[in-house]
Amino acid sequence: MTNVTVVTLKRLRIFDVAPGNKRWHFSVEFDGKREFSIASPTKVQAGEWSNVKALLKDADGPMPGLLAWIAPGTDFWTGAWPRSVVHDAILGLALVVLGLFMLFVLTHSAHGAPLPLLLVFGAMVGLGAGKIYASIRKNMILDKYR
């Protein structure tokens, strides 16, 4: 996982907000650094603000990236990171439920359960649990800095 840090940006500018294929694409400039072509499933408000709390990846590195920010006038995080929390939670839950359902069907069938299928659906449950865990960890980071 990358190093994430919450900082207060002197200046945040969102511009060129345009709809894309099921996503909104926009450009960002923060504290004099440009980051282009960020995508978000929800529309992002264009504008320029100062003293914005933001979550950066590799903030001390040569190429810091903007993961999330608290939109001015609100108390909620906006950006790619909060959307990935929701996406990981939904995907993980779907994988766990589907995997458990298929394991139940296979173990209760009249023909018996072939071991390779049991392993595949068991791995699906494990992958779903991993996605849910990742979602919880990301959300804990966001809640810590709210």
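The values are calculated or read from the model by the stated rules, or taken from the named source; none is laboratory data. Worth saying up front: this structure is predicted, and the values here are computed from it rather than measured. So basically every Cβ, Gly included, is an ideal-geometry build from the backbone, and we count neighbours across all protein chains shown. Note: accessible area is taken over every heavy atom of the protein model, side chains too, but ligands, DNA and RNA are not part of it. Shrake-Rupley method; radii C 1.70, N 1.55, O 1.52, S 1.80 Å.
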Look at Asp143 and say whether it is closer than 29 Å to Thr5 by Cα, over 13 Å from the mean Cα position of the chain (by Cα), of a type in the set (Asp, Glu) and outside any helix (DSSP H, G or I). no
From (1) over 21 Å from Arg146 (Cβ atoms); (2) under 19 Å from the mean Cα position of the chain (by Cα); (3) of a type in the set (D, E, K, R), pick out the condition that doesn't hold for Lys33. (2)
List the residue pairs whose Cβ atoms are under 6 Å apart, where the first residue sits in segment 45-60 and is without any contact (Cβ under 8 Å) to a residue 60 or more places away in the chain, the second is assigned to a loop (DSSP other than H, G, I, E, B) and of a type in the set (S, T, N, Q), and the two are 6 or more positions apart or on different chains. Lys57/Thr2; Asp58/Thr2; Asp58/Asn3
Hits in segment 55-74 - residues which are open to solvent by 20 Å² or more (accessible area, probe 1.4 Å) and not in a loop (DSSP other than H, G, I, E, B): Lys57, Leu67, Ile70
In segment 88-120, residues that are in contact (Cβ under 8 Å) with a residue 24 or more places away in the chain and either touching a Ser or Thr at 6+ places or on another chain (Cβ under 7 Å) or not in a helix (DSSP H, G or I) (or both) total 3
Hey, does segment 94-115 have a residue that's among the polar types (S, T, N, Q), under 30 Å from Trp24 (Cβ atoms) and either open to solvent by 90 Å² or more (accessible area, probe 1.4 Å) or out of contact with any Phe, Trp or Tyr (no Cβ under 8 Å at 6 or more places or on another chain) (or both)? no
Picking from Val52, Val17, Val7, which residue would you name as being farther than 19 Å from Lys144 by Cβ, of a type in the set (A, V, I, L, M) and part of a strand (DSSP E or B)? Val17
Condition check for Pro82: under 18 Å from Arg146 (Cα atoms) and not in a strand (DSSP E or B): yes
Which condition breaks for Asp143 when tested against (1) under 30 Å from Arg34 (Cβ atoms); (2) touching a residue at least 12 places away in the same chain (Cβ under 8 Å); (3) of a type outside the set (A, V, I, L, M, F, W, C)? (2)
